[in-house]
Amino acid sequence: MVIKNEINAIISIAFRDGIKYVKNPSRLLFSAVFPIIFIGALGGSLDSNLSDPAGFNFITFVLTGVFAQTWFSTVASGVISLKQDYDKNLTQELFVAPISRISIILGKIFGEMGTAFLQGVFIILFGLLLGVSFTFTQIIGLAITGIIVGIMGGAFGIFVMSFLGDTKFINSVFPLLLLPQYFLAGSFSPIKDLPWYLFWPSRAIPLTYGVDFVRNIFYTGLPELNSVTIFSLGVSLTVLLIYTAALVVLGSIRFANEQKNR
């Protein structure tokens with residue numbers, strides 16, 4: 001009975017987040033516009049100027065990077081919003097309900113994954129409009145890798161949420177932790193060769209391995225694979241899983257202790 005209640009709670013919280021997303025026209029619009037800005041403008045510009053010397057199509061390169069960072073940042077931001085909603089008395093009823101804190105977090109993660117999935121569909125559709133070709137295997141690969149990267153994003157959100165204070169502090173600090181990863185992780189441009197002051201941060205952030213993992217799967221069997229990836233599939237997946245496990249354990253323990261002290 002306890003397990004059934006926890007599962008029902010996870011499903012209910014996830015469904016609630018999905019409804020909130022669908023009922024928010026501005027967020028839906030942003031989900032559609034975001035790929036146009038980065039894939040169309042940035043990817044198109046880089047493709048026109050650098051694709052020949054680089055040896056690969058930059059629109060596809062940027063699309064896979066944006067796909068990975070969308071799953072990562074959407075789920076991470078969703079978990080962070082749980083803290084913001086709590087401080088605004090919007091979700092405090094969840095924390096007094098007879099369910100575990102882990103179920104609340106899992107429900108939030110699964111709900112935001114649904115959001116990330118829809119955003120991923122927008123990205124693929126826009127890629128088709130730009131002439132990017134997808135095989136059925138590549139689409140399935142994107143879906144699977146997106147889920148895995150989304151889980152890491154949720155783990156990152158849990159870890160950050162457990163250390164941040166009130167909502168004002170979150171709003172000022174979280175973008176500083178998230179936005180630099182977009183550029184240092186190679187979402188938009190290659191990062192194989194970097195000056196030392198960018199090289200080490202790029203290898204330290206979790207999103208780097210998420211982006212590389214997505215590209216390893218997407219470009220499997222293609223001649224561009226070695227040009228668009230930094231690590232092998234095994235290395236990127238292993239580091240991704242280590243990051244996820246470490247962030248979940250550390251973040252969950254601290255978050256649970258914080259709630260006990262309330």
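Read-outs throughout are calculated quantities, based only on the coordinates presented, and are distinct from any laboratory measurement. From a predicted model like this one, the values you see are computed outputs, not experimental measurements. Note: ideal-geometry Cβ built from the backbone for every residue, glycine included; neighbour counts use all protein chains shown.
For Val33 and Ile140, the FRET efficiency from 1/(1 + (r/R0)^6), where r spans their Cβ atoms and R0 equals 25 Å, is about 0.40. Between Thr220 and Leu128, the C-beta separation translates, for a Förster distance of 25 Å, into a calculated FRET efficiency of about 0.80. The ranking of Glu112, Glu224 from fewest to most other beta carbons within 10 Å of each one's beta carbon is Glu224, Glu112. In this rough spin-label picture, where each label sits 7 Å from Cα along the Cβ direction, the Ile7-Tyr197 distance is 5.4 nm.
Counting neighbouring Cβ atoms within 10 Å and putting the fewest first, the residues Asp212, Asp193 line up as Asp193, Asp212.
Ranked for footprinting exposure by Cβ neighbours inside 10 Å, fewest first, Ser133, Ser236, Ser252 give Ser133, Ser252, Ser236.
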